Structures are given as structure tokens and as C-alpha cells.
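Please read the structure below before turning to the comments.
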Amino acid sequence: MRKLLIAGNWKMNPMPSPLDAYYPRSDIDVVVFPTFLDLKHCIDAGMLCGAQYAHAEDSGAHTGDIGMGMIKDLGCRYVLCGHSERRADHSETNEDVAAQAVAALEHGIHPIVCVGETEQERSEGREKSIVAAQIEALFQLSAFSSQLSIAYEPVWAIGTGKTARPEDAEEMHAFIRSLLPEDKRETTRILYGGSMKPDNCKALLSQPNIDGGLIGGASLKPEQFSTIVDIAVSLFPHSS
Ligand code: 13P
């Protein structure tokens, strides 16, 4: 059985307040991704935390970057790899993202690898081939482990209020699962991200192949995040 994971990606925003909504819960995993500045505060306060990014190399001449070992030493348990905003803003390729996932696994950090198509790619009917290429890059570096999760975040749904219909998201999640190595297929969590809110999360999280959410905007509003976490807890154990 896959434990639901509800993750809050605070992106480049100040820490929300109060922080009560973001603490670990016993039935599901609750993880937050603060800015690098706020990570230590959140870790010291007892939250399960991840970094929004870390470099595939441990150290070196990479101004402005940070290594996996550094975030591990700080107490991060998770890292996002290949969020679409980083793929777009920093030209991260599928191969870069796979290398980050390998580095995370080597440091005992759980990578959440983000995949998803743009609006144009979907309108051209290419969404599955785009996502398949993003997933297959992970196999080339044998970056596959059950200590890795995937987040399907259609780019057109991020921060737009346009959520994927639960049946469309489920179809893509089932497709992603079908691509995974057979021995990891049933254990790997596949999260949905893209305008997940209290009023649509139940329909999404009830789908058999949706194992949690990666939440941006609503994770900055403690009441909304806490409602989503409560709904996820009420759905556990997951129907799969
Ligand atoms: P929104 O929930 O604001 O659409 O952001 C989703 C996201 O990018 C999470 O990583």
C-alpha cells in the first residue's frame, strides 16, 4: 500500500504563518519545501522538509548552487528534482534532472522528480511522449529506487487555477506507472500537482493512481493546506 504524501512547495515565497498545519501526521506523509533561507528554521521546528533543488555535484565552482550533501547535513529528507519552473528558468534538461535524482539517492535523500507537459504539447497530442521521455531519462542513469517519487505537474495547471480533470490526471498517472520498472511499479508514489485546492483535492486523491499532491499556492495558506491534509488523512488507506 502506498502512503499518501502531501507536499507544500512554497517556491520563492516567505514562510506562511502560523506553522501548525505543516507538521508531520501519523497516517500520511506531510513534507514542506521552504526557501533555502527558511529550511533550517522549519527543520529545527520539527517539520519534515525538503529542498526545492540541489545540484548533482557535491561541491565545486557552481556559484549560487548548493549540493545534496549540504542539504542532507542541514536535515533535509526530500528534494524536488526538475520542477517545471527550474526546467524553464534554468534550462534543466531531462539528463540534468536524472543526475540530480541519482545524487539525491546516493545521499539518502528522497527525490520527487517532477514531470509534465506544456499546454502546447498537450494541444498537439504529445503529452504522453513528453512525459515518457522525462521518465525514461531516469532509467538511463539507473536512477530508480522505491525511495523516489514522481510528481505529475501539467505545466498549464500550475498557478493557473486550471486543474486537470481527475480522469485525465488518473489516465496520465496510470500511464506513468506503466512505464516504471516492474518491481517498483506498485510501490512508487505518483503525486499530482497543479492548482490542487481544498475543493478539488478529494476527487483527485481518490483516484487509484494518485498518491498525493504537490501543492503550490494553497500550501501558502495554512487553512487551505490543513484542509487538504485532513482530506488526505480521511482517504487513507488509499483505495489502491
Ligand atoms: P500551484 O498549486 O500553485 O498550481 O503550484 C503547483 C506546483 O508547482 C507545485 O510544485
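If I filter segment 136-166 down to residues being more than 19 Å from Arg122 (Cα to Cα), open to solvent by 40 Å² or more (accessible area, probe 1.4 Å) and polar (S, T, N, Q), which single residue comes out as nearest to the ligand (Cβ to nearest atom)?
Among those residues, the one meeting the criterion is Gln147.
Of the residues Ser178, Ser129, Ser195, only one is assigned to a loop (DSSP other than H, G, I, E, B) and small (Gly, Ala, Ser); which?
Of the residues listed, the single one that is assigned to a loop (DSSP other than H, G, I, E, B) and small (Gly, Ala, Ser) is Ser195.
Sort out which residues of segment 107-125 are part of a loop (DSSP other than H, G, I, E, B) and touching a Ser or Thr at 6+ places or on another chain (Cβ under 7 Å), and write them in order of number.
Gly116
Kindly provide the set of residues from segment 109-121 that are more than 16 Å from the ligand (Cβ to nearest atom) and either at pLDDT below 95 or open to solvent by 60 Å² or more (accessible area, probe 1.4 Å) (or both), ordered by number.
Across segment 109-121, the qualifying residue is only Gln120.
Yes or no: Ser149 free of Cβ contacts under 8 Å to residues at least 60 places away in the same chain and under 24 Å from Tyr192 (Cβ atoms)?
Answer is no for this residue.
Of everything in segment 197-227 that's within 10 Å of the ligand (Cβ to nearest atom) and closer than 16 Å to Phe33 by Cα, which residue is surrounded by the most Cβ atoms within 10 Å (Cβ to Cβ)?
Filtering segment 197-227 for residues that are within 10 Å of the ligand (Cβ to nearest atom) and closer than 16 Å to Phe33 by Cα, the one surrounded by the most Cβ atoms within 10 Å (Cβ to Cβ) comes out as Gly213.
Take the conditions at pLDDT 95 or above, small (Gly, Ala, Ser) and open to solvent by less than 40 Å² (accessible area, probe 1.4 Å) and apply them to Ala54. Does it pass?
Here the answer is yes, as Ala54 does meet what is asked.
Would you say Lys3 is in contact (Cβ under 8 Å) with a residue 60 or more places away in the chain, more than 16 Å from the ligand (Cβ to nearest atom), open to solvent by 50 Å² or more (accessible area, probe 1.4 Å) and basic (Lys, Arg)?
yes
I need every pair where a residue in segment 109-131 that is more than 16 Å from Leu214 (Cβ to Cβ) has its Cβ under 6 Å from the Cβ of a residue that is in a helix (DSSP H, G or I) and within 16 Å of the ligand (Cβ to nearest atom), sequence separation at least 6 or different chains.
Note: pairs meeting the criteria are Thr118/Val155; Glu119/Trp156.
As an exercise: evaluate Ala88 against (1) within 13 Å of the ligand (Cβ to nearest atom); (2) loosely packed, with under 14 Cβ neighbours inside 10 Å; (3) not in a helix (DSSP H, G or I) and give the number of the one condition it does not meet.
Evaluating Ala88 over (1) within 13 Å of the ligand (Cβ to nearest atom); (2) loosely packed, with under 14 Cβ neighbours inside 10 Å; (3) not in a helix (DSSP H, G or I) leaves (3) as the failure.
Among the numbered criteria (1) within 16 Å of the ligand (Cβ to nearest atom); (2) crowded, with 18+ Cβ neighbours inside 10 Å, which single criterion is violated by Leu180?
Status for Leu180: all satisfied but (1).
The values are calculated or read from the model by the stated rules, or taken from the named source; none is laboratory data. Just so we're clear, the structure is a prediction, and the values are computed from it rather than from any experiment. As a convention, Cβ positions derive from the backbone with ideal geometry for all residues, glycine included, and neighbour counts pool all protein chains shown. Note: areas computed on protein heavy atoms with side chains; ligands, DNA, RNA excluded. Shrake-Rupley method; radii C 1.70, N 1.55, O 1.52, S 1.80 Å.
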